[in-house]
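Structure first, commentary second.
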Amino acid sequence: MNEPVLDVRNLRVAFRARRSSVTALRDVSFTLHPGRTLALVGESGSGKSVSSLAIMGLLPPNGAVTGGAIHYRAVDGSVSDLTKASKSEMRARRGAEIAMIFQEPMSSLNPLFTIGDQIGEMLLLHTDLDARQRRQRVLEMLELVEIPAAASRIDNYPHELSGGMRQRVMIALAMVCNPALLIADEPTTALDVTIQAQILDLMRRLQKELGMSILFITHDMGVVAEMADDVAVMYAGAIVEQAGASELFARPSHPYTRGLLHSIPMPGRPEGERLVPIPGTVPPLHAMPEGCAFAPRCGLADEACREPVSLSDFAPNHRVACFHAGREVTHV
Amino acid sequence: MARYILKRILGMFIVIFLVLTIAFLIVRLAPGDPAALMLGPEATPEETAALRTELGLDRPIVVQYFTFVVNAAQGDLGTSLFFRQPVTQVLAARAEPTIFLALFSLVFALVIATPIGIYAAYRRGSFLDQSAISTAMLAASIPSFWTGLMFQRYLATDLGLFPASGYGGPDASFIERMGYLILPSIVLGIVNSALILRFTRASMLDILGEDYIRTARSKGMGEPRVVLRHALKNAAIPIITVIGLTFALLVSGAVVTERVFNIPGMGNLVVSAVLRRDYPVIQGALIVVASLYVLINLVTDLLYLTVDKRVRY
């Protein structure tokens with residue numbers, strides 16, 4: 001397999017609180033290969049959005065990378081560590097090479113500029129195209145993301161479009177400079193199911209046509225099954241299981257991953273099978289248990305789980321951070 | 001859009017008509033004989049009767065009202081009892097200092113307050129933010145007559161940088177007259193900048209937390225472009241509102257400042273007219289100020305339309 005586009009190594013991110021600091025990411029590592037889709041899966045607060053913001057260099061002012069590296073391989077083949085990049089380097093990359101789609105299409109577009117303006121601004125920032133060429137390119141993008149009557153839509157304001165249309169505009173915006181890496185942070189969560197399927201279809205088609213890599217952030221296992229080549233399951237700021245998508249669905253081995261899969265309806269399940277929720281909630285960041293963070297909610301937890309646990313090989317290309325990996329829960 | 005403006009202008013005329021009616025009624029509803037009230041207790045019955053005839057008070061009230069409205073529509077607001085001049089002339093002579101004072105102090109306030117407000121919001125909680133807020137608080141709490149007196153004492157009298165008071169002699173040139181407005185404009189500007197600063201900061205704080213600001217950053221633009229293009233335009237509506245209101249207040253006459261600096265403006269005129277019971281002038285000032293208010297409101301609303309295309313009336 002060729003060199004990864006993105007190679008995140010032992011990334012640590014901390015947020016300053018009033019007096020103390022809390023660790024939001026604990027030694028997160030993953031790699032994303034060209035043309036592939038890696039899904040980061042987890043509940044709210046698991047650190048998946050923080051990971052994406054760290055890659056973009058857009059952590060809020062009270063957050064900072066405190067360790068590790070984000071190796072990014074640019075289109076020209078040069079590899080650089082984004083955690084050490086200067087502000088202007090990051091600005092030049094953002095949008096042009098690494099683009100992002102956000103969860104809320106309703107509020108992610110500026111209400112006071114036309115969609116043509118907002119997509120065109122990307123070209124204004126990163127290319128030398130003149131106004132006429134920019135408009136032409138924007139129009140092509142709108143057609144590419146299948147916005148009907150693009151020529152008349154280009155001068156619309158966001159409030160004149162539906163949620164699904166706006167997310168298409170967001171995708172056009174993210175793709176207009178032909179980025180090598182697209183970070184999609186729950187791009188379909190706010191949309192209803194039929195629109196969701198259309199947007200996922202569109203993203204897959206664009207990926208095939210344009211060849212970018214996608215870091216897909218979601219909490220929805222159904223979407224993971226649709227989109228991902230590889231999956232990293234996050235819990236409380238750390239990756240607990242990592243595998244190819246088919247392997248993960250065939251042999252979920254971390255108790256948390258199993259819990260996630262058991263808690264949602266999936267096609268192919270025996271009829272009448274009950275959905276099992278995961279008891280409890282994610283521990284707050286300032287009160288992380290020592291050892292395995294999932295232990296307090298885990299049916300398999302025992303003395304051993306008080307010791308720190310890290311990802312280790314469970315099967316080829318399948319890594320799990322659990323002393324009891326693969327074992328069935330016998331009691332809940 | 002055109003229909004909206006037409007509707008608003010029609011509405012404006014209705015408001016002004018109502019103001020005319022109220023101005024008319026105020027004088028007639030005042031207890032006792034308006035003519036006697038205007039002339040004071042020392043007037044002889046003959047004088048009072050003469051004034052009644054002069055004002056048309058001896059005619060039926062409906063006729064009086066009709067005459068008043070028709071005259072006002074033709075720009076005739078009556079004659080000042082004190083100046084013995086048409087009210088419109090009296091008002092026009094006082095309008096220049098007031099309007100320029102309002103304009104200068106607003107510009108001063110905007111130049112000071114908007115950049116600081118934007119920066120304070122951007123660096124929320126920083127030393128600069130906190131000092132800006134406390135300074136604004138202080139500026140808003142110091143009465144303008146005190147600031148005015150201090151400025152006169154130190155900047156005008158001691159240092160001789162600006163004229164201390166007045167508006168120049170009858171033959172002062174326009175530039176000279178404007179020179180007299182510098183100090184009072186700063187005094188008024190300081191008070192108003194406090195309000196504008198707080199509104200700008202609050203409005204920017206709201207907007208800077210919006211999702212589309214994060215989108216703007218993800219596009220790889222510099223912070224100045226994020227703040228000035230993507231955030232400020234969205235924060236503009238509350239800021240425009242407060243600027244409009246401030247300006248409307250200022251044109252109705254900054255009474256205290258005009259008094260302290262002895263500027264012959266509208267504020268000064270109205271206060272003197274009240275003391276002299278010069279009803280036609282009070283009436284006229286009421287009508288002019290109310291019309292200006294309505295006009296400024298219309299302009300503010302039209303500005304919303306140009307800023308935000310979602311605004312529909």
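Taken together, the values in this text are just the output of simple stated rules run on the coordinates, not laboratory data. Fair warning: this is a prediction, and the values are worked out from it, not measured in the lab. Note that each Cβ is placed from the backbone with ideal geometry, even for glycine, and that neighbours are counted across all protein chains shown.
Go ahead and estimate [θ] at 222 nm for the protein assembly as shown from helices alone: -39,500 (n - 2.57) per DSSP H run with n ≥ 4, summed, over the residue count, rounded to 500.
Working: 24 runs with 323 residues, N = 645.
Helices in the protein assembly as shown give a 222 nm mean residue ellipticity of -16000 deg cm²/dmol.
Where the centroid of each part is defined by its Cα atoms, how far is the range A:193-247 from the range B:226-262 in Å?
Comparing the Cα centres of the range A:193-247 and the range B:226-262, I get a distance of 51 Å.
Classify the range A:34-131: rounded, prolate or oblate, from the alpha-carbon gyration tensor (a ≥ b ≥ c, eigenvalue square roots; a/c under 1.5 rounded; otherwise prolate if a/b is larger than b/c)?
oblate
Net charge near A:ARG94: determine it from the other residues with C-beta under 11 Å of the C-beta of A:ARG94, scoring Lys and Arg +1 and Asp and Glu -1.
Its environment carries a net charge of +3.
Mind checking the alpha-carbon convex hull of the range B:94-307 and giving the volume per residue in Å³?
Per-residue hull volume (Cα only) is 143 Å³.
Give, in nm to one decimal, the length gained when the segment between A:SER310 and A:ASP130 is fully stretched (0.36 nm per residue of separation minus the Cα-Cα distance).
Using 0.36 nm per residue and subtracting the Cα-Cα distance, I get 59.6 nm.
Could you work out which residue, out of B:ALA23, B:ALA93, B:ALA109, moves most in a Gaussian network model of chain B, that is, has the largest mean-square fluctuation with Cα springs under 10 Å?
Largest GNM mean-square fluctuation: B:ALA93.
Along the range B:179-191, what does the Karplus equation 6.51 cos²θ - 1.76 cosθ + 1.60 (θ = phi - 60°) give for ³J(HN,Hα), rounded to whole Hz, x for Gly and Pro?
Each residue's phi maps through the Karplus curve to give x, 5, 8, 4, 4, x, 5, 5, 4, 5, x, 4, 4 Hz.
Apply the a/c threshold of 1.5 to the C-alpha gyration tensor of the range A:131-179 and tell me whether it is rounded, prolate or oblate.
Oblate, since a/c reaches 1.5 and b/c is not below a/b.
When only alpha-carbon atoms count, how far does chain A stretch along each of its three principal axes, as whole angstroms with the largest first?
Per principal axis, max minus min of the Cα coordinates gives 67, 49, 43 Å.
For chain B, with only Lys/Arg (+1) and Asp/Glu (-1) charged at the beta-carbon, what is the dipole magnitude about the Cα centre, in debye rounded to 20? If you can, show how the numbers build up before the last one.
Working: 26 positive and 20 negative charges, 319 e Å.
That gives a dipole near 1540 debye.
Obtain the nm distance between the two label points defined at B:VAL255 and A:ALA250 by a simple spin-label model: each point lies 7 Å from its Cα along the Cα-to-C-beta direction.
That separation, rounded to one decimal, is 8.8 nm.
Name the most mobile residue of B:PHE104, B:PHE145, B:PHE83, meaning the one with the largest mean-square fluctuation, in a Gaussian network model of chain B with Cα contacts below 10 Å.
B:PHE83
Out of all DSSP beta bridges with both ends in the protein assembly as shown, state the antiparallel percent to the nearest 5.
Details: 32 of 51 bridges.
Counting only bridges with both partners in the protein assembly as shown, antiparallel ones make up about 65 percent.
I'd like to know which of A:PRO60, A:ALA180, A:THR31 lies farthest towards the positive end of the charge dipole of the range A:6-228, counting +1 on Cβ of Lys and Arg and -1 on Cβ of Asp and Glu.
A:PRO60
Antiparallel as a % of all DSSP beta bridges within chain A, to the nearest 5?
60
Using a 10 angstrom cutoff on alpha carbons, build the Gaussian network for chain B and name the most mobile of B:SER144, B:SER203, B:SER218.
B:SER218
Quick one: if you stick a label point 7 Å off each Cα along the C-beta vector at A:GLU303 and B:LEU128, how many nm between them?
6.0
Which residue, B:THR98, A:HIS71, A:ASN317, has the largest displacement toward the positive end of the dipole of the protein assembly as shown when charges sit on each Cβ (Lys, Arg +1; Asp, Glu -1)?
Sorting the options by dipole projection puts first B:THR98.
Hey, what's the Cα Rg ratio for the range B:2-73 versus the globular rule of thumb, 2.2 N^0.38 Å?
Output field value: 1.47.
For A:ALA287, project a label point 7 Å along Cα to C-beta. Then give me every residue of the range A:3-20 with its amide nitrogen under 20 Å of that point.
Inside the label zone: A:15-20.
Ratio of the range B:47-150's C-alpha Rg to 2.2 N^0.38 Å, to two decimals? If you can, show how the numbers build up before the last one.
Numbers: Rg = 24.5 Å, N = 104, 2.2 N^0.38 = 12.8 Å.
Compactness ratio reported: 1.90.
Quick one: which of A:LYS87/B:LYS309; A:LYS208/B:LYS309; B:LYS7/B:LYS309; A:LYS48/B:LYS233 span more than 29 angstrom between C-alpha atoms?
The answer is A:LYS87/B:LYS309; A:LYS208/B:LYS309; A:LYS48/B:LYS233.
Just from the alpha-carbon atoms, what are the Rg and Dmax of the protein assembly as shown in angstroms?
In order Rg, Dmax, the Cα atoms of the protein assembly as shown give 35.1, 117 Å.
How big is the dipole moment of chain A about its Cα centre under a simple scheme where the beta carbon of each Lys and Arg is +1, that of each Asp and Glu is -1, and everything else is neutral? Debye, nearest 20, please. Let's see the in-between values first.
On the way: 32 positive and 37 negative charges, 147 e Å.
Its charge dipole is roughly 700 debye.
In debye to the nearest 20, how big a dipole does the range A:197-332 give about its Cα centre with +1 on each Lys and Arg Cβ and -1 on each Asp and Glu Cβ?
On the way: 11 positive and 16 negative charges, 30 e Å.
Roughly 140 debye, rounded to the nearest 20.
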